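These notes concern the structure reproduced below.
The values are calculated or read from the model by the stated rules, or taken from the named source; none is laboratory data. These figures come from a predicted structure and were not determined experimentally. Neighbour counts run over all protein chains shown; Cβ positions are idealised from the backbone, glycine included. The area values use the complete protein model at the heavy-atom level, side chains included, leaving out ligands, DNA and RNA. Shrake-Rupley method; radii C 1.70, N 1.55, O 1.52, S 1.80 Å.
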Amino acid sequence: MQLNESKSVPEHLSLFTGTLSQLQDSGMAPFDDKLIFILLLMTLHDSWETLVVSLSNNPNLTFDGVRGSILQEKIRIR
């Protein structure tokens, strides 16, 4: 599941969250917040590398914080 040019960032985040919910509902062990945001960062295109490195180095960041940062970066890029 890679963010690509044909999908909007909100659409990608919604798809990611939906897929995550399906995995958790299927009986897989719950994922902790850190793992979830790392998985989300892995779905971003290489062009997002600066943001990914920046967010990865923040030990206090939550999934909601990462999601917000991704949305803000997309707005900034426009």
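Before moving on, here are some points about what is shown:
- The criterion of at least 2 residues that are of a type in the set (Gly, Ala, Ser) is met by the following helices (runs of 4 or more DSSP H) wholly inside the chain: 9-25, 49-56, 63-77.
- Test set (1) at pLDDT 90 or above; (2) aliphatic (A, V, I, L, M); (3) open to solvent by 80 Å² or more (accessible area, probe 1.4 Å) - Leu51 fails condition number: (3)
- Residue in the stretch 4-23 that is among the basic types (Lys, Arg) and modelled with pLDDT of 85 or more present: no
- Residue in the stretch 33-41 that is loosely packed, with under 11 Cβ neighbours inside 10 Å and farther than 17 Å from Met1 by Cα present: no
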